[in-house]
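Working notes, structure below.
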Amino acid sequence: MDEKIIASEINKSNNILLVGHILPDGDDVSSLVSMSLGLEKLGKRTLAVIDDDIGEYLLEFPLVKKKIKKLDSEIEQNICNEFDLMIVLDSSSPDRIGRLENYLNFFHVIVIDHHITNTNFGNVNWVDPTVGATAQMVYRLLNFMSVDYDEQLATMNLLGIATDTGFFKYENTGPETFMVAASLIEKGASISYISNKIHGNTPLEHIYLYKDVISNLKLASQGLIAYSLITLDMLSKYNILPKDSPSLVENLRSIRGVEVAMIFQEFEKNLYHVSLRSKEWADVSKIALDFGGGGHPRAAGFSIKAEDILVEIQKIVEHITNFLKS
């Protein structure tokens with residue numbers, strides 16, 4: 001499967017629904033906005049939808065707020081009549097798109113994704129785990145379809161590649177990643193603008209929260225595992241909404257000697273999202289799969305419901321300890 005086949009499928013439709021995943025990240029919103037802008041340049045009508053709130057740090061990019069809609073009852077009433085193709089971006093399984101999973105059977109569905117754990121749930125699946133980001137695949141597709149890039153499109157497309165590769169420092173950063181990034185910069189993308197919005201705009205409340213996360217830090221398996229907990233009470237203390245909570249798992253991974261880092265974040269009462277990161281050799285996508293999640297070898301996640309999260313944390317830590325031993 002490659003961009004030629006996907007382009008052929010897209011050319012059969014004029015009204016296209018673009019779908020992202022819950023807990024949207026930079027790659028997801030970048031892919032949605034870039035596809036929407038690119039396909040509209042080709043005369044297609046698009047609607048980009050996510051069944052979740054978008055973090056405030058991503059709403060700093062004006063086109064994210066302008067181009068992506070949150071799923072609501074009005075959209076649900078009309079999507080089956082107004083669109084003839086669904087393209088799901090950066091989502092490894094149907095449950096990752098929230099309530100939009102209920103509409104998969106009403107559409108011809110194209111899945112474009114780079115997660116190694118993708119379940120190939122579309123009618124047409126383009127899954128390439130060798131690339132650094134789904135946004136990188138979006139660039140290949142739009143470039144193949146001869147989309148005329150302007151500064152806005154180039155910058156939004158580069159956003160996903162930059163964030164999902166850790167600004168080109170993760171091992172999913174390959175030669176093609178740099179070539180695509182260079183091409184987007186030639187087309188007007190600004191990596192400094194993206195970096196300043198992502199890394200140079202930290203609210204003071206997030207620094208205070210980080211202090212509490214470090215206070216809760218625990219180590220296990222002779223220092224190979226580092227983990228901490230963010231509760232709703234901790235977020236409320238600093239007036240931070242769950243959707244705007246910073247991703248502090250990278251900070252834990254940076255600790256010397258740590259191979260696997262975890263942050264348990266409470267999003268709703270007794271509902272937690274677990275972010276996993278590894279440094280060199282542990283495949284955390286396999287750990288996430290054991291708990292119904294997925295992702296990449298060095299970055300993955302899953303969600304759990306727990307009335308006593310401390311008990312569940314110990315079970316998960318024991319599971320990972322055994323995994324590392326094996």
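A few remarks follow.
- Ordering Tyr193, Leu23, Ser92 by Cα displacement along the dipole of the chain toward the positive end leaves Tyr193 in first place; charges were set at the Cβ atoms of Lys, Arg (+1) and Asp, Glu (-1).
- Glu56/Asn120 FRET efficiency (R0 30 Å; Cβ-Cβ; nearest 0.05): 0.35
- The peptide list 249-260, 15-26, put in order of mean Cβ contacts within 10 Å with the highest first, becomes 15-26, 249-260.
- Rounded to the nearest 10 degrees, the inclination of helix 175-186 to the longest alpha-carbon principal axis of the chain is 60 degrees.
- Between helix 151-164 and the chain there is an angle of about 30 degrees, using the helix long axis and the longest principal axis of the Cα atoms.
- 1.4 Å probe accessible area per residue over the chain, in Å²: 45
- Computed P(r) (all Cα pairs; region 93-165; 10 Å bins; percent): 18, 42, 34, 6
- Treating each Cα of region 106-244 as an identical point scatterer and summing with the Debye formula, the log10 of I(q)/I(0) at q = 0.18 Å⁻¹ comes to -1.07.
- For the listed peptides 105-116, 28-39, a ranking on the average number of other beta carbons within 10 Å per residue, highest first, reads 28-39, 105-116.
- Alpha-carbon centroids, region 188-215 and region 50-102: separation in whole Å: 25
- Sorting 151-162, 217-228 by their mean Cβ neighbour count within 10 Å, with the most densely packed peptide first, gives 151-162, 217-228.
- Within the accessible area of region 103-246 (1.4 Å probe), percent carbon and sulfur: 52
- Between Ser275, Asn78, Ala182, the Cα set farthest toward the positive side of the dipole of the chain (charges on each charged residue's Cβ, about the Cα centre) is that of Ala182.
- Hydrodynamic analysis of the chain uses the Kirkwood radius over alpha carbon pairs. Inserted into Stokes-Einstein at 37 °C and 0.692 mPa s, it gives a translational diffusion coefficient of 162 µm²/s.
- When each of Lys269/Lys325; Lys65/Lys218; Lys41/Lys70; Lys44/Lys243 is checked by Cα-Cα distance, pairs over 29 Å: Lys269/Lys325; Lys65/Lys218; Lys44/Lys243
The values are calculated or read from the model by the stated rules, or taken from the named source; none is laboratory data. Bear in mind the structure is a predicted one, so any value in this text is a computation, not a measurement. Positions of Cβ are backbone-derived with ideal geometry, glycine not excepted, and every protein chain shown enters the neighbour counts. Please note that ligands, DNA and RNA were not included when accessible areas were found on the heavy atoms of the full protein model with its side chains. Shrake-Rupley method; radii C 1.70, N 1.55, O 1.52, S 1.80 Å.
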